Amino acid sequence: MLFIIVFALICIQRLVELRVARNNERYMKSQGAIEFGQAHYKYIVMLHVAFLASFFIEYMVKESTLSPIWPWLLAVFIVLQLGRIWAIKSLGHFWNTKIIVLPNAQLVKKGPYKWIPHPNYVIVALEILVIPLIFQAYVTAIFFTLLNMLMMYVRIPEEERALNSIYKKQEQY
């Protein structure tokens, strides 16, 4: 029963986030924002959909049970959700699942962004590990942690280039 609740909540959360991202994208583009990294975005979407499918299938096929330390892992997951909300709220309209940069805007340096440049990516990486571990879906945890690392190897430099292309130009004036 806990699996169905957690899985459903994750799916609902992701759908809500996609709606927020779409609204933010419309707003940002209406303000003159520029989108970067379109070529790899579809692979990020596929990775996240495949992660959820793999997690579901592994749980059902293995008839997995809860980890002996599931309360601790669930607590970590809840803390990660609070961090996710904090990161999204800190960025406001700038938060998106795509790389969308608004020229002449100030780089956000509040909330978790005061301390690390990509807190949302850290949170997602930890979620990809922790969520399956709650239910002993070890194959999903390991495989998608590695896939996500590869994706971030592409995504983070692309985002940094996009931010630098806008903010370096601002510094030149």
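The values are calculated or read from the model by the stated rules, or taken from the named source; none is laboratory data. Since the structure is predicted, the reported quantities are computational estimates derived from the model, not experimental observations. Neighbour counts are summed over all protein chains in view; Cβ atoms, including those assigned to glycine, are modelled from backbone coordinates with ideal geometry. To get the accessible areas, we keep the full protein, side chains included, count just its heavy atoms, and leave off ligands, DNA and RNA. Shrake-Rupley method; radii C 1.70, N 1.55, O 1.52, S 1.80 Å.
A few remarks follow.
- Phi-based couplings in Hz for the range 147-152 (Karplus 6.51, -1.76, 1.60; Gly and Pro marked x): 4, 5, 4, 4, 5, 5
- Rolling a 1.4 angstrom probe over the range 19-173 with all protein chains present gives an accessible area of which 68% lies on carbon and sulfur atoms.
- Dipole size of the chain about its Cα centre, with +1 on Lys/Arg Cβ and -1 on Asp/Glu Cβ: approximately 560 debye, rounded to the nearest 20.
- Mean residue ellipticity at 222 nm, helices only, the chain: -26000 deg cm²/dmol; runs of at least 4 DSSP H residues each add -39,500 (n - 2.57), and the sum is divided by the number of residues.
- Vicinal HN-Hα couplings computed from phi for the range 103-117 (Karplus, 6.51 cos²θ - 1.76 cosθ + 1.60; Hz; Gly/Pro x): x, 6, 8, 7, 5, 6, 10, 10, x, x, 6, 5, 10, 9, x
- For the range 1-121, a Kirkwood radius taken over Cα pairs fed into Stokes-Einstein (37 °C, viscosity 0.692 mPa s) yields D = 199 µm²/s.
- Candidates Glu25, Glu158, Glu63: whichever shows maximal mean-square fluctuation once the chain is modelled as a Gaussian network with Cα springs under 10 Å: Glu63
- Relative contact order (%) - the range 64-173, alpha-carbon pairs under 8 angstrom, separation at least six: 37
- Candidates Met151, Met28, Met60, ranked by Gaussian network fluctuation over the chain, Cα under 10 Å, top entry: Met60
- Of Phe77, Phe3, Ser54, farthest towards positive along the dipole that unit charges on Lys, Arg, Asp, Glu beta carbons give the chain: Phe77
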